[in-house]
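Remarks on the structure that follows.
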Amino acid sequence: MVRSGKIAWRSPSNIALVKYWGKKGFQLPLNPSVSMTLTNCYTETTIEFNHKNNLKNPAFSLLFQGKKNVPFESKIRSFIEVVSKEFPALSTLNLDISTHNSFPHSAGIASSASSLSALALCLLSIKNKVLGINMNEEDFLKKASYLARLGSGSASRSVYGGWVLWGETSGIEGSSDDYAIPLSNQVDEKFNSYYDSILIVSSGEKAISSSQGHELMESNPYKESRVNTGRFNAINLIDALKCCNEKVFGEIVEYEAANLHAMFLTSHPSFILIKPETLQIINKLKQFRDETKLEFTFTLDAGPNIHLLYSEDIRDKMLLFINTDLTALCEDGKWIDDKVGMGPILIDSN
Ligand code: DP6
């Protein structure tokens, strides 16, 4: 049995096109979600582990961007407790965890997908090292996605590069509520050159956390309709990715963003996460599309920022439009240039 060592993973964030909103059981989604894994927004997590004879519970220290972080520490504690049910030997280890995001905390980008997936990958690598288990890559990633999902639903999708589906979906073999699956071989090449220009409208703390928002779906009068919409859109979005129908792809993506924010408006209590500039940008985008007939689309996560999605072919035109018309509506002119990515990378193992 290996008694000490070091593991480090870099894991990316992802943007959902069909949204996960609402849970059942423990961390299971009400409807399937489809996402695009990013490249430049990622978390790097390093864990140094040592076996300790007298430990009853896993002990850990945590540095987030080089500093202590109490709210994140309590999320990690709950996650490690859940993972130790799957991996009892974890309870005899001391873990020194250090984690960094490539994007600033204040960028308004959700970090739970990248940070919890990086942690899940590290903990699974440690388990395999300590117990001397050799897993093939496919089984390793499936298990990592399963563990990541226990920490944060969207994190289950970050374990794979390209386009990813989480949630049982009729007609898609291997799809599951327990873990995500990669869609890469079902996606037209054009979508593998997709960009995500993230327009930062506001970097402030959200009025409501995702966990609180998911809970509010329980009493939302439109819950059933949302679940059916999500299921239907997942199937049709995957079809559009396969046949390379950018028009249908864009219609579904924008409808999903609007439907997600409609769920916020119809929750009890209701909440609003968009800002006036979000609507101004959306109006400008629609006008620009009417004038130019370019095939781009946009989505919103649980926040006011806009993810502008488009292919390599129209990159120059989109960059020009962002710089001349949109950055003036962004907070301090900020936007993040990102694109579809290859998935997590093991950066240290000894
Ligand atoms: C709107 O994955 O952050 O971004 O499972 O409670 O950690 P927890 O929620 P989380 O929810 C993400 C919601 C979303 C849509 C999505 O990413 O699918």
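The values are calculated or read from the model by the stated rules, or taken from the named source; none is laboratory data. As the structure is a computational prediction, the values presented were derived from the model and not from experiment. Here the Cβ is made from the backbone with ideal geometry for all residues, glycine too, and neighbour counts use every protein chain on show. Accessible surface areas use protein heavy atoms only, side chains included; no ligands, DNA or RNA. Shrake-Rupley method; radii C 1.70, N 1.55, O 1.52, S 1.80 Å.
Note that the range 257-273 has calculated 3J(HN,Hα) couplings of 4, 5, 5, 4, 6, 5, 5, 5, 5, 9, 6, 10, x, 7, 9, 10, 10 Hz, one per residue in order, obtained from phi through the Karplus relation 6.51 cos²θ - 1.76 cosθ + 1.60 (θ = phi - 60°); glycine and proline are x. Any idea how far the Cα center of the range 287-312 sits from the one of the range 88-126, in Å? The range 287-312 and the range 88-126 have Cα centres spaced 31 Å from each other. Each Cα pair under 8 Å and six or more residues apart adds its separation to the average, and for the range 4-186 the resulting relative contact order is 27 percent. With θ taken as phi - 60° and the Karplus curve 6.51 cos²θ - 1.76 cosθ + 1.60 applied, the whole-hertz 3J(HN,Hα) list for the range 313-320 is 3, 10, 3, 4, 5, 5, 4, 5 Hz, x standing for glycine and proline.
By accessible area, using a 1.4 Å probe on protein heavy atoms only, the range 189-339 has 52% of its surface on carbon and sulfur.
Per residue of the chain, the DSSP helices (runs of n ≥ 4 H) give a summed -39500 (n - 2.57) that works out to -11500 deg cm²/dmol at 222 nm.
The amide H of Asn305, built 1.01 Å from its N in the peptide plane, has Val201, Ser202 as neighbours under 5 Å, considering only residues 5 or more places off or on other chains. For Gly5, the residues 5 or more places off, or on other chains, whose built amide H falls under 5 Å of its own are Phe49.
In this structure, the amide hydrogen of Asp188, modeled 1.01 Å from its nitrogen in the peptide plane, lies closer than 5 angstrom to those of Lys242, Cys244, counting only residues at least 5 positions away or on a different chain. Karplus-based coupling profile of the range 118-124, in residue order and whole Hz: 4, 5, 4, 4, 5, 5, 5, with θ = phi - 60° in 6.51 cos²θ - 1.76 cosθ + 1.60 and x standing for Gly or Pro. On full extension, the segment bounded by Ser91 and Lys284 gains 64.1 nm, given 0.36 nm per residue less the C-alpha separation. Placing a pseudo-label 7 Å from each Cα along the Cα-to-Cβ vector at Lys190 and Ile235 gives an inter-label distance of 2.4 nm. Cβ-Cβ distance of Asn323 and Glu215, R₀ of 45 Å, FRET efficiency by 1/(1 + (r/R0)^6): the value works out to about 0.65. Here Ala59 and Ile347 are evaluated by their C-beta separation; at R0 = 35 Å the FRET efficiency comes out at 0.90. For the residues Ser211, Ser112, Ser311, a 1.4 Å probe over the protein chains yields an accessible-area ranking, largest first, of Ser211, Ser112, Ser311.
The C-alpha atoms of the range 4-186 occupy a region whose extents along the principal axes are 50, 37, 28 Å, arranged from largest to smallest. Projecting the Cα atoms of Ile181, Thr99, Trp163 onto the dipole axis of the chain, where Lys and Arg carry +1 and Asp and Glu carry -1 at the beta carbon, places Thr99 farthest toward the positive end.
Look at the dipole of the chain built from charges on Cβ: of Gly5, Phe271, Thr43, the Cα furthest out on the positive end belongs to Gly5. Using the empirical formula 2.2 N^0.38 Å as the baseline, the Cα radius of gyration of the chain reaches a ratio of 0.99.
What pairs in Lys6/Lys339; Lys23/Lys68; Lys190/Lys339; Lys143/Lys242; Lys67/Lys142; Lys190/Lys247 have C-alpha atoms more than 20 Å from each other? As for pairs spanning more than 20 Å Cα to Cα, those are Lys6/Lys339; Lys23/Lys68; Lys143/Lys242; Lys67/Lys142.
On a 0 to 90 degree scale, rounded to 10, what angle separates helix 223-243 from the longest Cα axis of the chain? Roughly 80 degrees between the two axes. Of Ser111, Ser158, Ser349, the order by accessible heavy-atom surface (1.4 Å probe, DNA, RNA and ligands excluded), from most exposed downward, is Ser349, Ser111, Ser158. When +1 charges are put on Lys and Arg Cβ atoms and -1 charges on Asp and Glu Cβ atoms, the dipole computed for the range 264-304 relative to its Cα centre reaches about 60 debye.
Just checking the listed ones, Asn283, Asn54, Asn245: in the Gaussian network model of the chain with Cα springs under 10 Å, the one fluctuating most is Asn54.
Round to the nearest 0.05 the FRET efficiency obtained for Lys293 and Tyr222 when R0 = 41 Å and r is the Cβ-Cβ distance. Approximately 0.75, to the nearest 0.05. With a 1.4 Å probe and every protein chain kept in, tell me what percent of the accessible surface of the range 4-186 is carbon plus sulfur. That fraction is 48 percent.
The charge dipole of the range 29-117, taken about its Cα centre with unit charges on the Cβ atoms of Lys, Arg (+1), Asp and Glu (-1) only, comes to about 220 debye. Using the 1.4 Å probe convention, the accessible area of the chain works out to 44 Å² per residue with neighbouring protein chains retained.
Ranking Tyr310, Ala240, Ser203 by how far each Cα lies toward the positive end of the dipole of the range 189-339 (charges on Cβ) leaves Ala240 at the top. Compared with the dominant principal axis of the Cα atoms in the chain, helix 137-151 is inclined by about 80°. Each residue of the range 189-339 gets 112 Å³ once the volume of the Cα convex hull is shared out per residue.
Between Leu131 and Tyr255, the modelled label-to-label distance comes to 4.4 nm, taking each label 7 Å out from Cα in the direction of the beta carbon. Charged side chains reduced to their Cβ positions (Lys and Arg at +1, Asp and Glu at -1) give the chain a dipole of some 1100 debye around its Cα centre. Sorting Thr297, Thr327 by accessible area puts them as Thr327, Thr297; the probe is 1.4 Å, largest comes first, and only protein heavy atoms count.
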